[in-house]
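The values are calculated or read from the model by the stated rules, or taken from the named source; none is laboratory data. Computed from a prediction, not measured in an experiment: that's the story for all the values here. Ideal geometry is used to build each Cβ from the backbone, glycine not excepted, and the neighbour counts take in all protein chains shown.
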Amino acid sequence: MKKTFLFLFVTLAILLCLTACGKEKKTLTFDVNGGEMYTTELEVVVGKTYTLPTPRRTGHRFLGWYDGEQKVETQGKWDESTETHLVAKWEFAQYKITYDLAGGEHSAYDVVEGYNSESAPFTIHPPTKENNFFSHWVDQNGKKYYGNIEFPTGSEGDFDFTAVWWDFVDPYGVKYEYVNDELRIVDYVGDGKYDVRIHETIYGKKITGINEGAFSKLGALVNDYGYIFRVYLPRTLTEIEKNAFKDCDNIKVLISTTKKENYKDVANEWLLTAQINTVGNENLKDVILLNKPCLGASNYVEID
């Protein structure tokens, strides 16, 4: 019995050895042709299944491994006749750029809708929209881009840009309208908790006027809170309509200046040219000149 078992074991071992020895092993070498890969060699057995590794090359799409002009499948059973030196083939990856202009249109510059990593540098310019100001782009991942977007050579990836337009409300809650290439203040939609500082320009457009009743809501809020509130106006203003500061008893209206300027001189100079409708704004000039002690003002104030 023991002899029979030993005979069978030896016979099986011999058969396995003959089977294994009958399969030729080959060592494949790879030319990544400008790409990158974790290995440059792979051992395969003729007639046995194999899987070839995949290289990577920035800005390119991998076309496959080639034996001369013959493409080698990435998986299968290795053919004895196939050469063991394989070369990677590539093509430039073509990327797409799409746009959602949200009612606007592209500016006069060339519009780029596709590129590859070897493309010359190019720029994506802000779009235009009648009576609107461009705020920023936002891409498919939520990233914001202000102004021009620069794409240097070597860039890669698809992009989907959406235009975001300024909604004519500034961070202080002051609402504007766009008229004759200038901005006018039309309303206050803030919460009345923070002093208002109005800049001379927004997106390069001057703020030149305050419409009727524009700050009346602010006046009501401040009166309810019962504290002194300040509104800093730019010197670009040329007109204030009636009732612009109606019921703003607790609001000080100041002309913006710097520490190096005599505030009173600046305010007087501005009053000589500004057109102020006094209806509903009877005390406005006195407040601007800081002559109302009941409002907590002094005769001279320096503003940063």
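I'd like the full set of residues that are of a type in the set (D, E, K, R), under 22 Å from residue 118 (Cα atoms) and not in a loop (DSSP other than H, G, I, E, B), limited to the stretch 32-80.
36, 56, 61
Could we say that residue 232 is of a type in the set (Phe, Trp, Tyr), in contact with a Lys or Arg (Cβ under 6 Å, 6 or more places away or on another chain) and closer than 19 Å to residue 288 by Cβ here?
It is true that residue 232 is of a type in the set (Phe, Trp, Tyr), in contact with a Lys or Arg (Cβ under 6 Å, 6 or more places away or on another chain) and closer than 19 Å to residue 288 by Cβ.
Of everything in the stretch 265-279, what is part of a helix (DSSP H, G or I) and either among the aromatic types (Phe, Trp, Tyr) or under 41 Å from the mean Cα position of the chain (by Cα) (or both)? Give them in sequence order.
266, 267, 270 - these are the residues of the stretch 265-279 that are part of a helix (DSSP H, G or I) and either among the aromatic types (Phe, Trp, Tyr) or under 41 Å from the mean Cα position of the chain (by Cα) (or both).
Does the stretch 281-298 include one or more residues that are under 21 Å from residue 208 (Cα atoms), part of a strand (DSSP E or B) and at pLDDT 75 or above?
So far as the stretch 281-298 goes, no, none of its residues is under 21 Å from residue 208 (Cα atoms), part of a strand (DSSP E or B) and at pLDDT 75 or above.
Only one of these is among the basic types (Lys, Arg), over 19 Å from residue 255 (Cα atoms) and in a loop (DSSP other than H, G, I, E, B): 217, 193. Name it.
Exactly one residue qualifies, and that residue is 193.
Would you check which residues across the stretch 239-264 are polar (S, T, N, Q) and either surrounded by 17 or more Cβ atoms within 10 Å (Cβ to Cβ) or in contact (Cβ under 8 Å) with a residue 40 or more places away in the chain (or both) and list them?
If the condition is that a residue be polar (S, T, N, Q) and either surrounded by 17 or more Cβ atoms within 10 Å (Cβ to Cβ) or in contact (Cβ under 8 Å) with a residue 40 or more places away in the chain (or both), then 243, 250, 256, 257, 258 are the ones that fit.
Just to be sure I understand, how many residues within the stretch 164-176 are in a strand (DSSP E or B) and in contact with a Ser or Thr (Cβ under 8 Å, 6 or more places away or on another chain)?
2
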